[in-house]
Amino acid sequence: VNWQPISQMPLISSMIDTSLNDTREHLNTLSKAKDRPHVLDDATIDRVEQVHTEQMEFVDIYTQQIGRWRTGEPSTAQSRELDRMDEQNQQLRGVTADVLALASELRKGTIERVLGMSDLELGIRAVLPNRSSGRR
């Protein structure tokens with residue numbers, strides 16, 4: 001990790017804000033597939049999980065970077081911005097966790113999972129859509 005001087009706070013702040021906005025949009029998009037997970041394939045879910053697992057690592061790095069800047073006696077304005085960044089970063093952590101949880105749920109119904117079901121499993125799923133067939 002290359003720790004940044006406080007002069008780079010606007011850049012890091014922008015990165016956090018952009019990631020939070022993008023992740024919220026991604027969560028919204030994935031949520032639309034909740035009732036139709038078969039429109040997704042395993043490769044898409046793999047990519048979602050990879051990207052957001054890596055993003056969670058950046059959340060931890062941002063937390064450490066903000067902590068380092070706090071120890072350097074920031075100005076009042078910088079302290080306010082650090083507080084805002086910290087709040088945004090915590091929201092990013094939560095939304096990223098939500099994306100990962102939803103991706104895990106959606107994986108159970110991807111097209112590969114549907115194609116791998118027997119006729120009996122598909123029939124049970126059609127009649128009792130909220131009931132798990134026990135297959136993962």
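Protein heavy-atom accessible surface, 1.4 Å probe, per residue over segment 3-122: 57 Å². Residue by residue, segment 98-104 carries 3J(HN,Hα) couplings of 5, 4, 5, 5, 5, 4, 4 Hz when phi is fed to the Karplus relation 6.51 cos²θ - 1.76 cosθ + 1.60 (θ = phi - 60°); x denotes Gly or Pro. Under the simplified labelling scheme, the Glu73-Ala101 pair shows an inter-label distance of 4.3 nm, with each label point 7 Å from Cα along Cα→Cβ.
With the simple model of a label 7 Å out from the Cα in the direction of the Cβ, Asn28 to Gln4 spans 2.5 nm.
Across segment 71-83, coupling constants 3J(HN,Hα) worked out from phi with the 6.51/-1.76/1.60 Karplus curve, θ = phi - 60°, read 6, x, 6, x, 5, 4, 5, 5, 4, 4, 5, 5, 4 Hz, and Gly and Pro carry x. Note that segment 46-114 shows a convex hull volume over its alpha carbon atoms of 60 Å³ per residue.
The values are calculated or read from the model by the stated rules, or taken from the named source; none is laboratory data. Note that the structure is a prediction, hence the values are computed from the model and not measured. Note: ideal-geometry Cβ built from the backbone for every residue, glycine included; neighbour counts use all protein chains shown. Just the protein is used for accessible areas: all its heavy atoms, side chains included, with ligands, DNA and RNA removed. Shrake-Rupley method; radii C 1.70, N 1.55, O 1.52, S 1.80 Å.
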